[in-house]
1. Leaving out ligands and nucleic acids, note down the accessible area per residue over the chain with a 1.4 angstrom probe, in whole Å².
2. Taking the chain as the reference, fit the longest principal axis to its C-alpha atoms, fit the long axis of helix 178-193 to the helix C-alpha atoms, and give the angle between the two in degrees, 0 to 90, nearest 10.
3. Using 7 Å Cα-to-Cβ label points, what is the GLN117/ASP177 separation (nm, one decimal)?
4. Local charge sum around PRO143 (other residues, Cβ-Cβ under 14 Å, Lys/Arg +1, Asp/Glu -1)?
5. Using the Cα gyration tensor of region 1-86, with a ≥ b ≥ c the square roots of its eigenvalues, what is the shape: rounded (a/c below 1.5), prolate (a/b larger than b/c) or oblate (neither)?
6. Taking 0.36 nm per intervening residue step and subtracting the Cα-Cα distance, what contour gain separates THR190 from SER209 on full extension?
7. Report the calculated FRET efficiency for TYR11 and ILE136 (r = Cβ-Cβ distance, R0 = 30 Å), to the nearest 0.05.
8. Could you work out the local net charge near SER113, counting Lys and Arg as +1, Asp and Glu as -1, over the other residues with Cβ closer than 14 Å to its Cβ?
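The values are calculated or read from the model by the stated rules, or taken from the named source; none is laboratory data. Predicted, not measured: the structure shown is a model, and the values here were computed from it. A quick note on method: Cβ atoms are made from the backbone with ideal geometry, for glycine too, and the neighbour counts reach across all protein chains shown. Ligands, DNA and RNA are stripped out before the accessible areas are found, and what is left, the full protein with its side chains, is counted by its heavy atoms. Shrake-Rupley method; radii C 1.70, N 1.55, O 1.52, S 1.80 Å.
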Amino acid sequence: MLQLNRVEKTYTNKKQQIFALRQVTLQADKGSFVAICGPSGCGKSTLLFAAGGLLKPDSGIVKIEETNLYMISADQRAQYRAIKIGFVFQQFHLVPYLNVLDNILAASLALKSINQQMKVNLRNRALELIEHFGLIDRLLHVPSKLSTGERQRTALARALLNQPRLLLADEPTGNLDDENTEMVCQHLATYTDNGGIVLLATHDQRVASYAHNIVQMSDGTISTGT
């Protein structure tokens, strides 16, 4: 379960205070697919970063299961993210000199105390994901040799390598054509069917339609949910 309770975040720009999140309260249970919708600058990405332990809010509580993300140390939080949380971004953030397999395995680099058997298991898991996402023919290709859709599927596979409880997707279809958009959305839906939680930020209502719950944001505030 993901819980955000009265979360606030402000920025100061040229002595002006900007409210990115205002008293945001949100809950997503196991198997939930929640879409956060709204225009650019409304606070969608800030909400995702706070929910994922990447951006400490000024106030409020962020919990995944029984862990309060901002009541543990930064090192503990980094380990928690590596194990429990997956991230997918619009710009992919793949390592340009690594091939598909190694880009996916890069998600394991933050894990501590990996023994040889764990390395074997992670490699097998990566190969299963590569096959699942239709990338077996691109196994040894670097990102520059991949199509846009293949890059995003590689990024999604990387996010799922450690079998996280929560998947945070920030405009993951923003650079994709209709066919690849549908493919990514279907993979996200399948992830929730297997018990994961997806929190998706998007301005595209077609993408949001795949979610179980649609939350509208405006000026850092959650206004409606359907």
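1. Ligands and nucleic acids excluded, the result is 50 Å² per residue.
2. 80 degrees
3. Distance between label points: 4.6 nm.
4. Details: positive: ARG138, LYS145, ARG151, ARG153, ARG158; negative: ASP102, GLU150.
Here the count lands on +3.
5. Values: a/c = 1.95, a/b = 1.35, b/c = 1.44.
In terms of gyration-tensor shape, oblate.
6. On the way: separation 19, 0.36 × 19 = 6.84 nm, distance 1.45 nm.
That works out to 5.4 nm of additional length.
7. Details: r = 44 Å, r/R0 = 1.47.
Working from the Cβ atoms, E equals 0.10.
8. Local charge sum for SER113: +1.
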